[in-house]
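The values are calculated or read from the model by the stated rules, or taken from the named source; none is laboratory data. All values reported here derive from a predicted model rather than from experimental measurement. A quick note on method: Cβ atoms are made from the backbone with ideal geometry, for glycine too, and the neighbour counts reach across all protein chains shown.
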Amino acid sequence: MTLSVLGIACSPRRNGNTTSLLLEAMKTAQHEGHRTELVYLSDLHITPCQGCNACSAKGICIINDDLLKLQEKLIQADRFIIAAPIFFMGVNGQTKIMIDRMQTFWARKYLHHQSLIKPSGPERIGLFLSTAGTEKVDVFKCAERSIQTFFHMLDIKYAQPCLFPGIDQAGEIIQHQTAFDDVRKATQALTIS
Ligand SMILES: Cc1cc2nc3c(=O)[nH]c(=O)nc-3n(C[C@H](O)[C@H](O)[C@H](O)COP(=O)(O)O)c2cc1C
């Protein structure tokens, strides 16, 4: 079955570690015969959630920016690959700003009891790719919690993530012994239908 795979590059560094891993994942998904779409978060204009709760009324955000287009893609795709670095022990700001704006989906789901997805579609599964400069214990814990909550909100099952500590400079991930192979395997597992 041909799946629609949405990749979101969340790092501001286009030549960075997480984006390199994501590009490998997208190449793998294409090779497996799936449709892929890659979005660079840094290309989008996304305003932070203002906490105004206007979305509580009808499940519609009153901020008219690029997030609306991204939300449509998040509704339509079957598989998701989120590539985001660790900044200050959590996901980087660009990623968190995107996630906070999912409050609209929270309102639709829990206040308005609306289904966000096509009932007959394939199971939705998401893969989280991340790198961190340090090898601190629990360096990915906070980020994983945010991504898991984001996925849960969108009825996306959380796949075994690919997390690489001790990777700091842009491009350093290339020297990692297994990272690209790990990502290829995780993407193959993700896209088995
Ligand atoms: C503002 C900023 C904050 C960071 N905070 C952390 C941190 O708290 N812990 C850590 O291990 N690495 C931290 N790093 C290092 C990044 O996680 C690391 O460089 C990562 O590989 C970047 O991925 P990218 O190349 O995809 O952007 C930080 C980097 C920046 C720029």
Exercise. Could you please tell me which pairs satisfy a Cβ distance under 6 Å, a separation of 6+ or placement on different chains, a first residue in region 165-193 that is modelled with pLDDT of 95 or more, and a second residue that is of a type in the set (Asp, Glu) and not in a helix (DSSP H, G or I)?
Key: Pro165/Glu135; Gly166/Glu135; Thr191/Glu32
Quiz prompt | region 81-110 residues that are more than 26 Å from Glu24 (Cβ to Cβ) and touching a residue at least 60 places away in the same chain (Cβ under 8 Å), paired with ones that are near the ligand (Cβ under 8 Å from one of its atoms) and not in a helix (DSSP H, G or I) (beta carbon under 6 Å, 6 or more apart) | solution = none
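Filtering region 73-113 down to residues that are within 16 Å of the ligand (Cβ to nearest atom), part of a loop (DSSP other than H, G, I, E, B) and not polar (S, T, N, Q), which residue is surrounded by the most Cβ atoms within 10 Å (Cβ to Cβ)?
Ala84
Is it the case that some residue within region 54-72 is within 16 Å of the ligand (Cβ to nearest atom), at pLDDT 95 or above and not in a helix (DSSP H, G or I)?
no
Regarding Ile117, is this residue touching a strand residue (DSSP E or B) at 6+ places or on another chain (Cβ under 9 Å), among the hydrophobic types (A, V, I, L, M, F, W, C) and either within 16 Å of the ligand (Cβ to nearest atom) or under 25 Å from Met26 (Cβ atoms) (or both)?
Against the criterion (touching a strand residue (DSSP E or B) at 6+ places or on another chain (Cβ under 9 Å), among the hydrophobic types (A, V, I, L, M, F, W, C) and either within 16 Å of the ligand (Cβ to nearest atom) or under 25 Å from Met26 (Cβ atoms) (or both)), Ile117 does not qualify.
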Quiz prompt | Looking only at region 130-155, and only at residues there that are closer than 21 Å to Ala77 by Cα and aliphatic (A, V, I, L, M), the one that is nearest to the ligand (Cβ to nearest atom) | solution = Ile147
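For every residue, the table says whether it meets (1) under 16 Å from the mean Cα position of the chain (by Cα); (2) within 16 Å of the ligand (Cβ to nearest atom); (3) closer than 16 Å to Leu127 by Cα; (4) of a type in the set (A, V, I, L, M).
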position	(1), (2), (3), (4)
Thr2	no, no, no, no
Leu6	yes, no, yes, yes
Cys10	yes, yes, yes, no
Thr18	yes, yes, yes, no
Leu21	yes, yes, yes, yes
Met26	yes, yes, yes, yes
His31	no, no, no, no
His34	no, no, yes, no
Val39	yes, yes, yes, yes
Practice problem: Kindly indicate whether Ile81 is within 14 Å of the chain's Cα centre (by Cα), within 15 Å of Leu154 (Cα to Cα) and at pLDDT 95 or above. | Solution: yes
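Residue-wise test of (1) among the hydrophobic types (A, V, I, L, M, F, W, C); (2) touching a Pro at 6+ places or on another chain (Cβ under 9 Å); (3) in contact (Cβ under 8 Å) with a residue 60 or more places away in the chain.
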{"site": "Gly16", "(1), (2), (3)": "no, yes, yes"}
{"site": "Glu24", "(1), (2), (3)": "no, no, yes"}
{"site": "Lys27", "(1), (2), (3)": "no, no, no"}
{"site": "Glu72", "(1), (2), (3)": "no, no, no"}
{"site": "Asp78", "(1), (2), (3)": "no, yes, yes"}
Exercise. Of the numbered conditions (1) over 30 Å from Gly59 (Cα atoms); (2) surrounded by 15 or more Cβ atoms within 10 Å (Cβ to Cβ); (3) within 16 Å of the chain's Cα centre (by Cα), Gln160 fails exactly one; give the number of that condition.
Key: (2)
